[in-house]
Amino acid sequence: MRALLTMTVAAAAAWVMAAEDDDGMAAARDALLQPANPPAQEVVALRDTKITADRMEYNYKEAVAIMTDNVVVDDARFLLTSDRLFVFLDGTNSLSQLVVMGNVAVSNENRRAYCDKAVYTKADARLVMVGNAKLVSIDEAGKKSTVAGDKITIWTDDQRMEVYPKPTLTLPADSGDGLKDLAK
């Protein structure tokens, strides 16, 4: 979320500067807006994804695996638990869609997500979380920021999200220091 906000602020500043008349300083401004060392992309060693559950059914006609009771998806990038998981495959036995239902929890090193139901569609890299949807981000100092709403849609390739209706954003107590002048 912080990366999304940083990216959005930098893009807005670049747009405003481009809209102004060029006074010969455009290149210098652009250099200042770009981070000195762009953040390294996270490299995760790939390994097989292991899905376990108390029960599994497979429907050959529909190309769907149905996992129920104590579902655990152990992937190099995340850990997911739920009551039920539907794994839809395409004609080449590759993942096309995941539908996760009941007590959905997903976590990695610095993020947690919770909801009643989630649908991930590979074609557009979109994750839709509904029913008590909540995302928690934990920074290096251990401070938590949360976003919650009835529905959270995340486009993973675009690093953007939409929360509606009734979104709630909760920031750590000291994150509002920059707004303290508004209280005067």
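The values are calculated or read from the model by the stated rules, or taken from the named source; none is laboratory data. The shown structure was predicted, so the numbers you read here are calculated from the model rather than taken from an experiment. Cβ: placed from backbone, ideal geometry, glycine included. Neighbour counts: every protein chain shown. With ligands, DNA and RNA removed, areas are computed over all heavy atoms of the protein, side chains included. Shrake-Rupley method; radii C 1.70, N 1.55, O 1.52, S 1.80 Å.
Key figures
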| read-out | value |
| --- | --- |
| Computed accessible area, residue 46, all protein chains, 1.4 angstrom probe, square angstrom | 140 Å² |
| For region 48-149, with +1 on Lys and Arg beta carbons and -1 on Asp and Glu, the positive-most of 142, 80, 56 along the dipole | 142 |
| Rounded percent of accessible protein surface that carbon and sulfur make up, region 47-160, 1.4 Å probe | 48 percent |
| ³J(HN,Hα), Karplus 6.51/-1.76/1.60, whole Hz, each residue of region 98-108, x for Gly, Pro | 10, 10, 10, 9, x, 6, 6, 9, 10, 9, 9 |
